[in-house]
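Trainee: For reference, the structure I am asking about is given below.
The values are calculated or read from the model by the stated rules, or taken from the named source; none is laboratory data. Quick caveat, the model's predicted, so the values are computed rather than measured. Cβ sites come from the backbone with ideal geometry, for glycine too, and all protein chains shown count toward neighbours. Just so you know, the surface numbers come from the protein's heavy atoms only, side chains and all, with ligands and any DNA or RNA stripped out. Shrake-Rupley method; radii C 1.70, N 1.55, O 1.52, S 1.80 Å.
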Amino acid sequence: MKSNDTETEQYLSTSNRISGWIVIAIGAVGLLDIVLEWRTASGIMVGSVIAILMVLAYCGLIRPSVTLSPETIVLRNHLRDRVIPWNQVSGADVADILRVHTDAGRFRAPGVQLVMRDLRKQRVGGRKLRPDSSLSRADLVVGRIEAHMDQYGAVDGGAVKTNWARPELAAIAVLAVIAIVAALFR
C-alpha cells in the first residue's frame, strides 16, 4: 500500500495472491512435465486445459484490486475494470466485499474482502479483532475512499468507464481453440 496523497494507492487480498501464485506454480510444473514427456495431440490438449486453468487462477485470485488515484478509483475485478471518477462516487461500504456507490449503481470490488472468521468474531462480540484483521483493513480502505471523495470529488472527471480484461480473455480463447483443435486430431 502506498499512502502518499499524490501517488496511487492499491489495495488487494494478500492471501488470494499467495494462493493464486501457488496454483500457477503447480500448473507450470504440470506444463513443464507435459512439454518434456508428452508431445502428442493429447498432450497439447491437456497442456492447453492446464494453461486455461492457470489464466483463470490469475483472473480469480491475483487480478482483483482497488486502486485509488487523484483522478479516479479503479475497481479491477476478475474480467473487467471499472474506472470511476471521484465526482461520481457517492459512498463506499463493505458487506462481504467492498462496494462503491455511484448514481449509476453499486459496483463490487473483490480486491478488498472480509474473511468469514472475522465476520463471526464481530457478530459474536467475543474476542477482540487484531489490528491486521480483514475488518480493520476494509475499514481503512473505506476511510481512504471517503478521504479521496472529500479531496477530489469536486473535480469533474467524466463518466464511469468499463474495460474488459482483453489480454486474459484473448489468452483463454486462444488456448481453448488450441485444445479443441488438438482434441479433433487425437
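Trainee: Taking 0.36 nm per residue of sequence separation and subtracting the Cα-Cα distance, how much length would be gained by fully extending the chain between W21 and D156, in nm to one decimal? Mind showing how you got there, number by number?
Mentor: Numbers: separation 135, 0.36 × 135 = 48.60 nm, distance 3.87 nm.
Taking 0.36 nm per residue and subtracting the Cα distance, the gain is 44.7 nm.
Trainee: Still on this structure, I have one more. Along Cα→Cβ, 7 Å out, is where each label goes; now give me the distance between the ones at I180 and R108 in nm to one decimal.
Mentor: A separation of 2.9 nm, rounded to one decimal place.
Trainee: Moving on to the next point. First select every other residue whose beta carbon is under 9 angstrom from the beta carbon of R76; then total the charges, Lys and Arg +1, Asp and Glu -1.
Mentor: Values: positive: R63, R80, R82; negative: D81.
The answer is +2.
Trainee: Could you compute how much accessible surface M54 exposes when probed at 1.4 Å, giving the result in Å² to the nearest 10?
Mentor: 40 Å²
Trainee: Right, next: Full-extension gain between L31 and L53, please, as 0.36 nm times their residue separation minus the C-alpha to C-alpha distance.
Mentor: Details: separation 22, 0.36 × 22 = 7.92 nm, distance 1.13 nm.
Taking L31 through L53 to full extension adds about 6.8 nm, to one decimal.
Trainee: Of P64, W21, G47, whose Cα points farthest to the positive end of the dipole of segment 1-77 (charges on the beta-carbon: +1 Lys, Arg; -1 Asp, Glu; origin at the Cα centre)?
Mentor: G47
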